[in-house]
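Taking it in order: structure first as structure tokens, then the write-up.
What follows draws every value from the coordinates through simple rules; no lab data is involved. Predicted model, so just to flag it, every value in this text is computed and none were measured. Positions of Cβ are generated from backbone atoms using ideal geometry, with glycine treated the same way; all protein chains shown enter the neighbour counts.
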Amino acid sequence: MDNKRIYEWFRFGDNDLIAANHLALTLYPQPLEIICYHCQQTVEKYLKGYLIFHGVEEPPKTHNLMALCGMCSESNSLFDSIVAKCNALNAYGVQPRYPDEIYIDEGIMTKALEYANQIKDFSPLQAVRRELEQTLSVERPATDE
């Protein structure tokens, strides 16, 4: 198992979440579509990192959080508890990048941020993160910016 590669998936997810939180807090008007896109990307990268940690050599080339969450559930049924959040974020992987594809308002964006932050703290993902950090002797990234 290549722990450094797995850690990079988590680090890239962290960077998407940092970007989403930063954009939401510092820009006005808020780029709602871009924030939601980063929220979806955060979760996609965490799920793919989890899959690699659990033996999937190459995660599927998909933005479908439902498919990725389903694959994660095969090794840990706790992932069933985040299916609804993954479903809510799923559309933001592709549609917000094109005009007139999806309606997003501030409430939707706030919920997307909430879900992405909650999934970051989801216990099975945190367990993988802790193990990677111990193995690689790295510090936890600060994402409360």
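Helical content alone sets the calculated 222 nm signal of the chain at -21000 deg cm²/dmol, taking -39,500 (n - 2.57) per DSSP H segment of four or more residues and averaging over every residue. Against the main long axis of the alpha-carbon atoms of the chain, helix 123-136 sits at an angle near 60°. Remark: the range 111-120, residue by residue, has Karplus-estimated 3J(HN,Hα) of 5, 4, 4, 4, 5, 4, 5, 5, 5, 4 Hz, where x stands for each Gly or Pro and the curve is 6.51 cos²θ - 1.76 cosθ + 1.60 at θ = phi - 60°. Using Cβ point charges alone (K and R +1, D and E -1), the dipole size of the range 10-122 about the Cα centre works out to roughly 180 debye. The 3J(HN,Hα) values that the Karplus relation (6.51, -1.76, 1.60; θ = phi - 60°) gives for the range 76-90 are, in residue order, 7, 5, 4, 5, 4, 6, 10, 4, 4, 5, 4, 4, 5, 8, 3 Hz. Gly and Pro appear as x. Roughly how tilted is helix 32-53, in degrees to the nearest 10 and between 0 and 90, from the longest Cα axis of the chain? Between the helix axis and the principal axis of the chain, the angle is about 10 degrees.
Taking a quarter of the surface of the convex hull around the Cα atoms of the chain, what do you get in nm²?
On the way: hull surface 32.9 nm².
With the hull built on Cα positions only, its mean projection is 8.2 nm².
How much length is gained on full extension from Glu106 to Gln118, taking 0.36 nm per residue of separation minus their Cα-Cα distance? Let's see the in-between values first.
On the way: separation 12, 0.36 × 12 = 4.32 nm, distance 1.82 nm.
Once the chain is fully extended between Glu106 and Gln118, it gains 2.5 nm.
Normalised by the number of residues in the chain, the mean separation of alpha-carbon contacts (under 8 Å, six or more apart) gives a relative contact order of 32 percent. Each of Lys61, Lys85 has some number of other Cβ atoms within 10 Å of its Cβ, and from fewest to most they run Lys61, Lys85. Once both labels are positioned 7 Å from their Cα atoms along Cα-to-Cβ, the gap between Arg130 and Ser77 label points is 2.2 nm. When the chain is described by a simple charge dipole with +1 on each Lys and Arg Cβ and -1 on each Asp and Glu Cβ, the residue from Pro99, Leu78, Leu89 located farthest towards its positive end is Leu78.
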